[in-house]
Amino acid sequence: MKKRIAILGSTGSIGTQTLEVIEANPQIFSVSVLTAQDNADLLIQQAIKFRPLEVVIGNERHYEKVKSALSSIFVKVHAGASALVSVVESDSVDIVLTAMVGYAGLLPTIHAIKAGKDIALANKETLVVAGELITSLAKQYKVNIYPVDSEHSAIFQCLVGEAENPVEKIILTASGGPFRGKDKLFLANVTKQQALKHPNWTMGAKITIDSATLMNKGLEVIEAKWLFDLQAGQIDVIVHPQSIIHSLVQFEDGSIKAQMGLPDMKLPIQYALNYPTRVKSDFPRFNFTDYPSLSFEKPDLETFRNLAIAYEVLEKGGNAACIVNAANEIAVEAFLLDKIGFLEISDVIIESVAKIAFVSDPSYSDYVQTNEETRRFASDMIQVKV
Ligand SMILES: NC(=O)C1=CN([C@@H]2O[C@H](COP(=O)(O)OP(=O)(O)OC[C@H]3O[C@@H](n4cnc5c(N)ncnc54)[C@H](OP(=O)(O)O)[C@@H]3O)[C@@H](O)[C@H]2O)C=CC1
Ligand SMILES: CC(=O)[C@@H](O)[C@H](O)COP(=O)(O)O
Ligand SMILES: [Mn+2]
């Protein structure tokens, strides 16, 4: 039986690479659902090529265009955020790949879990915002969450066969982003064009800026806590500029296992979709002599404050990481619109954590409220600066 996949965010970097994996393996995978937010043209092309049963265009203004373009093929067309939560519940879906960006991933993921669907999780913000809720729902509904994020896929691959062996710690690798080694004086004047030049990966704009501020690594520390049930003190970060070692696990006997390969998201995507079986691929192979030295450095937490903030809110718990996520989303959007400078991204987050009410044991509606309040607060703060 083929695995029937719903791709939430099929028009993005992860979404399009997922379709490449599916196209290369038609005997293993099929597409049931595709969703996009604004890119109606690409969604239409994808639907004509992959023939899903249902598509969702998030922005309702594009509904008529998508509907009429797909009228001659058998595909149901929906629009709006509410349709995202119903399509994931379909009987024709086995696994939901969450490849949309940001807080918008949370509610569809909750619905997918409650409908008993396994999750291939790229949308790290879901676990950052509500890791406790998501992991307890996954246990309750007996669904698996397979990591897509490259570092977490690496950890997951290192843990295979180690169920009896407690983890001493994990080591997440960070590229260091385009501004590795730079000081605050330099960072004060960097442009979005500079920040969008990731040294090793081609990704969507939001995660690329997060990589440049090290917020991405902070979000990944929180994501790892929930995926692998770890304490903050068991999660280290090491800067590894070549992005060849994707992450490492250290066991109680001191042994360290690493997962390596050229930077290519198709491998973790494919591993998550077909776990536990590896799929033969023609992805370019890593050659050791092309990389005579792999190097490692300590992250600079004073200059790149977002990573330090992530550790702080991980210790704090409750809705603190939800506040950080919302403030970061607003601040990154403002940076991309040239409304604030690079260093002000951290200022907006720090101020938001200080001002938004802390809730120690949040429910889903507390997360919704925290997200809304923080977005308002952060937007107002940015407005005053402009
Ligand atoms: N790219 C990568 O290599 C990696 C990404 N990730 C994570 O995967 C997720 C996706 O990243 P990436 O693919 O780079 O992002 P992109 O910006 O490339 O793609 C985002 C996708 O989400 C859709 N989308 C945007 N806003 C909304 C919304 N409000 N509701 C529903 N869908 C929406 C977009 O639709 P449209 O284009 O039609 O507007 C698009 O399909 C992020 O959480 C990221 O952190 C994790 C590891 C690696
Ligand atoms: C591909 C992937 O998983 C990204 O999250 C990547 O890791 C970003 O790189 P850095 O955050 O390490 O710069
Ligand atoms: Mn990653």
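Below, the figures for the structure above:
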read-out	value
Selection status of Asp347, acidic (Asp, Glu), assigned to a helix (DSSP H, G or I) and under 27 Å from Gly181 (Cβ atoms)	yes
Selected residue [polar (S, T, N, Q), touching a Pro at 6+ places or on another chain (Cβ under 6 Å) and more than 16 Å from His240 (Cβ to Cβ)] from Asn306, Asn319, Asn325	Asn319
Matching option when the condition is in contact with an Asp or Glu (Cβ under 7 Å, 6 or more places away or on another chain), of a type in the set (A, V, I, L, M) and touching a residue at least 24 places away in the same chain (Cβ under 8 Å), among Ile356, Ile323	Ile356
Long-range neighbours under 6 Å by Cβ, at least six apart or interchain, first residue open to solvent by less than 20 Å² (accessible area, probe 1.4 Å) within the stretch 256-271, second not in a helix (DSSP H, G or I)	Gly261/Phe286; Pro268/Val148; Ile269/Val148; Gln270/Val279
Hits in the stretch 170-186 - residues which are of a type outside the set (Phe, Trp, Tyr) and more than 14 Å from ligand 1 (Cβ to nearest atom)	Ile170, Ile171, Gly176, Pro178, Arg180, Gly181, Lys182, Asp183, Lys184, Leu185
Total residues in the stretch 337-386, condition of a type in the set (Ser, Thr, Tyr) and open to solvent by 40 Å² or more (accessible area, probe 1.4 Å)	5
Pairs where the first residue, in the stretch 35-53, is among the aromatic types (Phe, Trp, Tyr) and the second is open to solvent by 80 Å² or more (accessible area, probe 1.4 Å), C-beta under 8 Å, 6+ apart	Phe50/Glu23
Test: Thr135 is within 20 Å of the chain's Cα centre (by Cα) and under 25 Å from Asp94 (Cβ atoms)	yes
Hey, Gln250 in contact with a strand residue (DSSP E or B) (Cβ under 6 Å, 6 or more places away or on another chain), open to solvent by 20 Å² or more (accessible area, probe 1.4 Å), away from ligand 3 (no atom under 16 Å from the Cβ) and in contact (Cβ under 8 Å) with a residue 60 or more places away in the chain or not	yes
Residue that is farthest from Val148 (Cα to Cα) [pool: residues in the stretch 201-231 that are surrounded by 15 or more Cβ atoms within 10 Å (Cβ to Cβ) and of a type in the set (S, T, N, Q)]	Thr213
Residues satisfying the stated conditions in the stretch 41-64, i.e. open to solvent by 20 Å² or more (accessible area, probe 1.4 Å), closer than 22 Å to Ile5 by Cβ and in a loop (DSSP other than H, G, I, E, B)	Arg51, Leu53
Residue that is assigned to a loop (DSSP other than H, G, I, E, B), farther than 23 Å from Val332 by Cα and not small (Gly, Ala, Ser), where the choices are Val85, Val93	Val93
Members of the stretch 244-268 that are in contact with a Phe, Trp or Tyr (Cβ under 7 Å, 6 or more places away or on another chain) and within 23 Å of Ile222 (Cβ to Cβ)	Pro263
Residue in the stretch 113-126 that is away from ligand 1 (no atom under 16 Å from the Cβ), crowded, with 24+ Cβ neighbours inside 10 Å and of a type outside the set (S, T, N, Q) present	yes
Residue ID - nearest to ligand 1 (Cβ to nearest atom), chosen from residues in the stretch 136-169 that are among the polar types (S, T, N, Q) and open to solvent by 50 Å² or more (accessible area, probe 1.4 Å)	Asn144
Output for the stretch 82-95, where each listed residue is open to solvent by 30 Å² or more (accessible area, probe 1.4 Å), in contact (Cβ under 8 Å) with a residue 24 or more places away in the chain and over 10 Å from Ser32 (Cβ atoms)	Ser86, Glu89
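Residue-wise test of (1) away from ligand 3 (no atom under 16 Å from the Cβ); (2) free of Cβ contacts under 8 Å to residues at least 60 places away in the same chain; (3) in contact with a Pro (Cβ under 9 Å, 6 or more places away or on another chain).
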{"residue": "Ala130", "(1), (2), (3)": "yes, no, yes"}
{"residue": "Leu133", "(1), (2), (3)": "yes, no, yes"}
{"residue": "Lys142", "(1), (2), (3)": "yes, yes, no"}
{"residue": "Pro147", "(1), (2), (3)": "no, no, yes"}
{"residue": "Ser150", "(1), (2), (3)": "no, no, yes"}
{"residue": "Ile155", "(1), (2), (3)": "no, no, yes"}
{"residue": "Gly161", "(1), (2), (3)": "yes, yes, no"}
{"residue": "Thr173", "(1), (2), (3)": "no, no, no"}
{"residue": "Phe186", "(1), (2), (3)": "yes, yes, no"}
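The values are calculated or read from the model by the stated rules, or taken from the named source; none is laboratory data. Here the structure is a predicted model, which means the values were calculated and not measured. Every residue, glycine as well, gets a Cβ built from its backbone with ideal geometry; the counts of neighbours run over all protein chains shown. SASA here: full protein model, heavy atoms, side chains in, ligands and nucleic acids out. Shrake-Rupley method; radii C 1.70, N 1.55, O 1.52, S 1.80 Å.
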